[in-house]
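Single-structure report; data block below.
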Amino acid sequence: DTGVSQDPRHKITKRGQNVTFRCDPISEHNRLYWYRQTLGQGPEFLTYFQNEAQLEKSRLLSDRFSAERPKGSFSTLEIQRTEQGDSAMYLCASSLKADYEQYFGPGTRLTVT
Amino acid sequence: SQQGEEDPQALSIQEGENATMNCSYKTSINNLQWYRQNSGRGLVHLILIRSNEREKHSGRLRVTLDTSKKSSSLLITASRAADTASYFCAGRSAGSYQLTFGKGTKLSVIP
């Protein structure tokens with residue numbers, strides 16, 4: 001499978017715990033995006049990487065959220081001290097160039113209890 | 001804030017009929033992309049149309065773009081039950097890398 005992959009697909013955690021999600025983009029894509037989607041809404045942008053550089057961040061990305069892409073390949077999104085409001089689907093996408101199609105992975109569904 | 005606003009919010013049609021969904025956006029865009037999402041799943045890319053294009057086709061899909069009205073439409077011809085899903089438009093504004101999505105149109109195709 002050469003699409004975008006995400007791991008895990010589902011995560012249930014207790015409030016206050018830290019969680020980390022991983023995204024593997026399409027292999028030749030050097031642009032990577034994270035989005036968050038809550039029920040009944042469209043995805044909302046969180047952050048963007050070009051290679052290993054984080055070039056754009058949404059104000060939704062509070063200081064409890066951090067994203068990395070250390071070698072310009074896979075990326076991780078960490079949420080510290082999770083809150084119930086963090087419950088959502090976290091989606092990763094990649095593209096070959098900035099103005100090209102963004103292809104999405106299957107998402108990680110986070111439930112904070 | 002949302003860039004795209006899809007209309008209608010929900011649409012129910014019989015198999016074989018055509019489905020038209022509209023999208024309006026607020027700021028100038030470089031491109032607009034349409035996606036399909038089945039319940040609880042990831043987004044499937046359908047088509048990208050650039051700001052200098054007026055119409056694009058892909059199989060049973062036809063997308064139009066009117067930059068003067070800041071609007072786009074997605075037409076699905078000869079719909080099938082498998083087309084049942086939510087459809088989103090997403091605009092990429094000049095000077096930004098992100099896509100800004102609307103709330104989507106929920107399409108139900110009745111066999």
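The values are calculated or read from the model by the stated rules, or taken from the named source; none is laboratory data. The model shown is predicted, which means the values in this text are computed figures rather than measured ones. All Cβ positions, even for glycine, are placed from backbone atoms using ideal geometry, and neighbour counts span all protein chains on display. These accessible areas exclude ligands, DNA and RNA; they are computed on the full protein's heavy atoms, side chains included. Shrake-Rupley method; radii C 1.70, N 1.55, O 1.52, S 1.80 Å.
Brief remarks on what is shown
- Surface composition of chain B: carbon and sulfur make up 44 percent of the accessible area, probe 1.4 Å.
- Shape summary: chain A maps onto an equivalent ellipsoid whose semi-axes, from the alpha-carbon gyration tensor, are 22, 14, 13 Å in decreasing order.
- Quarter of the Cα convex hull surface for chain B, i.e. its orientation-mean projected area (nm²): 6.5
- The residue among B:Tyr35, B:Gly59, B:Gln98 whose Cα reaches farthest toward the positive pole of the charge dipole of chain B, with charges on the beta-carbon of Lys, Arg, Asp and Glu, is B:Gln98.
- Summed buried accessible surface, chains B and A, 1.4 Å probe, nearest 100 Å²: 1800
- Cα-based radius of gyration of the range A:4-59 once divided by 2.2 N^0.38 Å, which approximates compact folds: 1.28
- Pair A:Ile26, B:Asn30: separation of 7 Å Cα→Cβ label points (nm): 1.7
- For chain B, built as a Gaussian network whose Cα springs stay under 10 Å, the top-fluctuating residue of B:Ala85, B:Ala94, B:Ala19: B:Ala94
- Summed over the residues of the range B:1-94 and divided among them, the accessible surface reaches 47 Å² per residue at a probe radius of 1.4 Å.
- Residues whose amide H comes within less than 5 Å of that of A:Leu46, counting only those at least five positions distant or on another chain, are A:Trp34, A:Tyr35, A:Arg36 (H built at 1.01 Å from N in the peptide plane).
- Computed E for A:Arg64/B:Asp7 - FRET, C-beta separation, R0 41 angstrom, nearest 0.05: 0.70
- Of B:Lys70/B:Lys103; A:Lys97/B:Lys106; B:Lys26/B:Lys56; B:Lys69/B:Lys103; A:Lys11/A:Lys97; A:Lys71/A:Lys97, those spanning more than 23 Å from alpha-carbon to alpha-carbon: A:Lys97/B:Lys106; A:Lys11/A:Lys97
- Delta accessible area of at least 10 Å² on complex formation, residues of the range A:31-57, 1.4 Å probe, chain isolated as reference: A:Tyr33, A:Tyr35, A:Gln37, A:Gly40, A:Gln41, A:Gly42, A:Pro43, A:Phe45, A:Tyr48, A:Leu55, A:Glu56
- Contact order relative to length of chain B, as percent, for alpha carbon pairs under 8 angstrom and 6 or more apart: 39
- The reciprocal of the average 1/r between distinct C-alpha atoms defines the Kirkwood hydrodynamic radius, which for the protein assembly as shown equals 17.9 Å.
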